[in-house]
Each structure stands twice: as C-alpha cells, then as structure tokens.
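Here the structure is laid out as structure tokens; the discussion comes afterwards.
Since every read-out is calculated from the coordinates, none of them should be taken as a lab result. Model, not experiment: these values are computed from the prediction. Positions of Cβ are generated from backbone atoms using ideal geometry, with glycine treated the same way; all protein chains shown enter the neighbour counts.
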Amino acid sequence: MTLKSILLGATLSLAALPAFAEIIVDGAYARASSPAAKVGASFMVISNTGDEDDRLISAATDAADRVELHTHVMTDGVAKMMEVEEGFPVEAGGEVLLQRGGFHVMMMGLTAPFVQGEMITLTLTFEKAGDMTIMVPIDNERMDGMAMEGMDHSNMEGMATDGATMEGMSNN
Ligand SMILES: [Cu+2]
C-alpha cells in the first residue's frame, strides 16, 4: 500500500463518519400538584454534545396513559398549556430547559399517585439519537422554575427565588 492510498483511505473514512447527536439528560424530576392529581409533569435539562441538531419528538411512560410534550403560552395574561407537536429542538452543542412555566413532559391519566421520593421510568424519543430511557425521581416539593402552572399558592416562595435558581442551573 502506497502512502497516497493510505491517505486517501483515511480521508474517505473521515468523510464517511456520520454526524451524530449525543444527548445527555440532567436533573430530571417529575411532580404532580397533589396526591389526587391525575396529571403530572416532568422537567429536566437536555443537552446535545454531538455535532448534529436533534429534537425530542415524543415520550412514553408506564406511569401514565398518555404523554405529550407541552409548553406554556400566555393568553390574555393567563398561562395555558399547549401541546408542541413538532417537539423540542435540541441543537448541536446546545441545551433545552424543561422547566416549570415552559417546556415540559406532560403525563395524563396517572396510573398511580405520584409519591414523593419514588421513581418513574420515562422513555424519551429523539429524532436522531433514538430512544433513551431514564429513571425520574418524583419530587412534588421542588420549587424551581417559573411556577406558573395552576393557582397553587404554595408556589409563591418558589417564584420569588426564580432568578437565583435559574442562574444556578445554567452554571452547571
Ligand atoms: Cu402540560
């Protein structure tokens, strides 16, 4: 084999390397607003350390009958949840924050109450990276993010510390 053909081979194999999306999920937790609640939501930080844009397109869990990807929109000063059918984009080298008052994984028809400290299994499906199954701790008491969901006044304290909490998260 000549040097030239070795170099050519190396170039070809480099060119053949596919772009990839490498997904990391951090700080996931799930909560329901009360023990009797039939719906719950999960929040997390999704990072893409790969070199290809990706997208969370769906999620599934056996803890609920149905799972949707939601966001909050303001309509006439009232926060409402809406399904995001195209999913959540996670660009190459970027991250997307699923947090209270914003993007979240919505679980409807909970098969059992969300008990503080227990775990649920959540499978996230990405357009490029495929399926990723994670264990998500239930933390009904967590206060971070913008607590816009519902009219739960116990969240007022959490709202007051939003800025600090979010700054802390982005420094991770
Ligand atoms: Cu929702």
Output ordering of 107-115, 42-50 (per-residue mean of other Cβ within 10 Å, highest first) is 42-50, 107-115
Tell me, Kirkwood radius of region 20-164 from alpha-carbon pair distances, in Å?
-> 15.5 Å
Arrange the peptides 78-89, 58-69, 131-142 so that the one whose residues have, on average, the most other Cβ atoms within 10 Å appears first.
-> 58-69, 131-142, 78-89
